[in-house]
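Here is the structure we will look at, set down as C-alpha cells.
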Amino acid sequence: MTVRDRREEALDTLVVLVASVVLLGGFGALFEGTRWIVLVLSVLVPSAVAIMAVRLVAPAWATVAGVVASVTMIVWAFAPGTSFLGLPTAASLEELRRQLERAGTVIVEEAAPITPPSSVILLVAFAFAVMFVLGDAVARQSWRVPLLGLLWSTMLVVPSVIAMQAPPWWVFAGVALAWLWLWWSETAHVGLVPRGGAALTAAGGLAFALVVPTLAPTIAPTSSDFGVAQSDVFGRGINPMIELGRSLRQSDTRRVLTYSTDGEGGQYLKVAVLRRFDGRTWSPSPVFGDLDVEGVDDIAEQVETEQVTTSLRIESLRSTYLPVPYPAVRIEGLDGEWQWMRDGSTVRAEEGSSTEDQTYTVTSVDRRPTADQVRNVDPAGNMLDSYRSLPDGVPSIISRLAEEHGGDATSDYDRMLALQDWLRTDFSYSVETPVEEDFDGNGLEAMAAFLRVREGYCVHFASTLAVMGRLLDVPTRVAVGYAPGESVLRRTPDSVSYGVDSDDLHAWTEAYFEGIGWIGFDATPGIGEATEFTEEAEAADGDDGDSEVPEGNNRESEQSLDPGQDAATDESTEQPTSTWRPAALALVVVALLGAVPGIVRQLRRRRRWSAGEESPAPLWDEVADTARDLGIGLDPAETPRGFARRLDGHGVDPSSMDALVAEVERDRYAGTATASRVSEARRVVDSLEAASGRRTRWLARIVPRSLLR
C-alpha cells in the first residue's frame, strides 16, 4: 500500500467520524444540554486520531488501535479514579458495568427529552464508539459499504422511535453525503462504477435523503402525556412512570382535559396503579384470586358515602387508559370498546379505541369516614401481603426515618398521616434537583438520596411514602394519574369546572383499610390536598352506591361503558390514523435499497461493453460474472477454453463462444487481438440467461453474486 493510498484511507476514517458526529446531532431530540455531546466527542475524536495515525504506518493494527483508544477514553471520561497509569483495570470494568446497569433503570423510568446523567451518556458514548470503529473497518471494502449504510440508518431510527420526532433534514443529508463519498471513493478504486455513474447515483441518493424528511409521515404524538398513538403505555409490560419526568420538565404546557363535578373540590383522576416494587422501580402486575378488593364492595355500612358525578372532555390526550375518579362505579358516553381492570378499578381501551376526543360522564363514590372509623379498622389480612412486600437491602436511612416519623403511631391511619405530613412539611418540590444531583428515579437508591437532599417531585414523594408504609406493615401501592387541576368556572352552585394541564401529571400513594378500601395519601408539597379525615363523626346518611359496581373484568360490568346507553353524547370525531404514507415510504425505501446491487451490476456491464471495443478481457470478465450470477461456479485455475466447454452444458451459444474464446486466447498469449467481439459476448450472455430458469434470472438481477468477488 502506497503512502497515497494510506492517506486516502485516513481521509475515509475522517469521513466516518464526520458522519458519526452528524448522527450524534440526531440524538438531540433525546437529550437536553451540551455536556453529553462533549463527553461523546471526547471518546470519538481521540479514537479517530489513533486510527488514522496507526493506519499510516501499520494498517493492519488500525482497528485494534481504535478499540484500545475508545476503551481508554471511556474509562478516563466515566471512571477516572479506577485506572492504573492511565490504563483500564478490573475496577474500571466493574464501575462501567455498574453505570450501564444504572442507565438501564433511567431509560425504563424516563422518557425523552431528559438531561442525561453520566450513566446514560456512558451508554451513548459506548454505542457510538462501537459504531465508529465498526464503521471504519467496514468502509475499507467497497462491497461492505452498503452494510455501513444499513448501520447508520439504524442509528437514525433510534431517536425517531424513542422521541417520536424525525431527525432534522441536515442529519439525513450529512449521513447520505458521507455514505456516498465512501461508496464513490471505494468503487472508483476497483472500477465497479464509472465516475459519471457514481456522480449520477450520488445526486439521486442525496436528493432522496433530502426528500425523506419532507415526505415522512408525522410521528409526533398527539400529547406528550400518557400514551403515544396507541402505544398502550399503561400495561402489557411497560412502566407507566415513563412519562412523569419528561412531562413535568417540559416547557410547553398543554391543556389535557377539562371536567365539571358536583363533588366537594377537585377530583384526582387515576390512570394506573403500580404495586410491584423490585427495589429499582415500581411497575404494574396482574391481580389474582382474592386480591379483587377494589371499588365499593368492602365499604362498611356505617361509613358515610355519596355519589359524585363528573363529566370529562379530553382535549389533547391519546391513551389506551382512561382518567377516572376513584372509585368509579359507572361510565357513560364513551365511544369504542372499553373494559374495567381489576387492579385499581382503572379502565382500559380494547384494541382500536383510545381517549382521543372522548367526552364521558363518570359516577364515583365519595367515601367520608371519620378519623376514628379509619383508625379503628381491623388490620388487613394476609391476602394483601403482596402490597407489603419489599426487596432485601432497603437502605438504613429509609427504615430509620420511617420508624422515627411513623413508628410511634398506634394505627395504620396515624402512621400514614404522620409520614405524609412530615414529607409535605420538611421537604421541597423540585423537578430539576433530582437530575442535577443524579438521583432521578423511584428505586431504593434514589429514595435514599432524596431523603438526604430533601428535594424532589411526585415520583419521589409517592415512592418513598409507599415504601415507608410497607416498612410499617401498611399495605400500600402507587397511583399514577392527574392532580385535580385548577378551577376555571363555576357552572352552577353545585358544579365547578376544572382544567387539567400536562404538568398536572401526578403520582400519589394509596393505603388499604379494611371496611373502607384504598385511600389516597398525597405527600407532595404544594400539589393537591393532604388526606385527613374529620375527628368528629358526622351523623348523616349517604348513598353507598352499591347498585352499580363493576365486577372485575367480566363482560357484564363492561356494559355500563356502552356508548349506546348515553343518547345525548355526541359521536366521536376521531379519525383513523393514516397508514398509507408510512407504508408507501417503507416500500419505497426497501425497493431503493434492494435495487442498489442490481444497478451497480448493470453499470459494470455497460462499462465492460464499452471497454470491449478495445480489448476482449472485459468481455470475458462479463461472461464469467454472468455465469457466477446464474449460479455456475468458476475455477480460478480453469483456462478460458476449459470453462467454455463446461458452459456448453448450460445452453451457451457455441459459435459465439468459440469466436470469443479464440479472441481471448490471442489477446492473452500473443497480445494481438484482431477484432471486436462485443456482439459475440452479448449473444453468449443472452444465451446463458435464456437457458436459466425465471427464478434464477431474477435472483441474478436482484442479488448478483459477482459483486461479492
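The values are calculated or read from the model by the stated rules, or taken from the named source; none is laboratory data. Computed from a predicted model, the values in this text were never measured in an experiment. Using ideal geometry, Cβ is built from the backbone for each residue, glycine included, and neighbour counts are taken over all protein chains shown. To get the accessible areas, we keep the full protein, side chains included, count just its heavy atoms, and leave off ligands, DNA and RNA. Shrake-Rupley method; radii C 1.70, N 1.55, O 1.52, S 1.80 Å.
Key figures for this structure:
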| read-out | value |
| --- | --- |
| Rough spin-label spacing in nm, given labels placed 7 Å along Cα→Cβ, for Trp698 and Asp686 | 2.4 |
| Linear extension gain, Glu101 paired with Arg645, 0.36 nm per residue minus alpha-carbon span | 189.5 nm |
| Long-range HN-HN contacts of Val308 with modeled amide H, under 5 Å | Ser364, Val365, Asp366 |
| Computed FRET value (nearest 0.05) for Ala53 with Glu315, which takes r as the C-beta separation and R₀ as 41 Å | 0.10 |
| Protection proxy ranking of 497-507, 366-376 - average other beta-carbon atoms within 10 Å, highest first | 497-507, 366-376 |
| Förster radius 30 Å - calculated FRET efficiency between Thr253 and Asp414 (Cβ-Cβ, nearest 0.05) | 0.20 |
| At R0 = 25 Å, FRET efficiency that the Cβ-Cβ distance of Phe84 and Ser42 yields, to 0.05 | 0.75 |
| Among Met383, Val394, Ala371 the positive-end extreme of the charge dipole of segment 330-460 (Cβ point charges) | Ala371 |
| In order through segment 271-281: 3J(HN,Hα) via Karplus (6.51 cos²θ - 1.76 cosθ + 1.60), integer Hz, x for Gly, Pro | 10, 7, 10, 10, 10, 8, 10, 9, x, 10, 7 |
| Net lengthening on full extension, Thr34/Met383 (0.36 nm per residue, minus Cα-Cα) | 120.6 nm |
| Surface share of carbon and sulfur [accessible, 1.4 angstrom probe, percent] for segment 375-526 | 43 |
| Unit Cα scatterers, Debye sum, segment 11-73: log10 I(q)/I(0) for q = 0.21, 0.22, 0.27 Å⁻¹ | -0.82, -0.88, -1.11 |
| Nonlocal amide H pairs with Arg276, under 5 Å, H built at 1.01 Å | Ser283, Ser285 |
| Highest to lowest packing among 38-49, 440-451, 694-705, scored as the average C-beta count within 10 Å | 440-451, 38-49, 694-705 |
| Residue-by-residue Karplus 3J(HN,Hα) for segment 69-74, coefficients 6.51, -1.76, 1.60, Hz, glycine and proline x | 5, 5, 4, 4, 5, 5 |
| For Glu94, solvent-accessible area (1.4 Å; no DNA, RNA or ligand), Å² | 90 |
| For segment 349-483: accessible area per residue (Å², 1.4 Å) | 36 |
| Residue-span extension gain [Ser153 to Glu535] - 0.36 nm each, minus C-alpha spacing | 131.1 nm |
| Extreme residue, positive dipole direction of segment 404-544, given options Val488, Thr464, Leu419 (C-beta unit charges) | Thr464 |
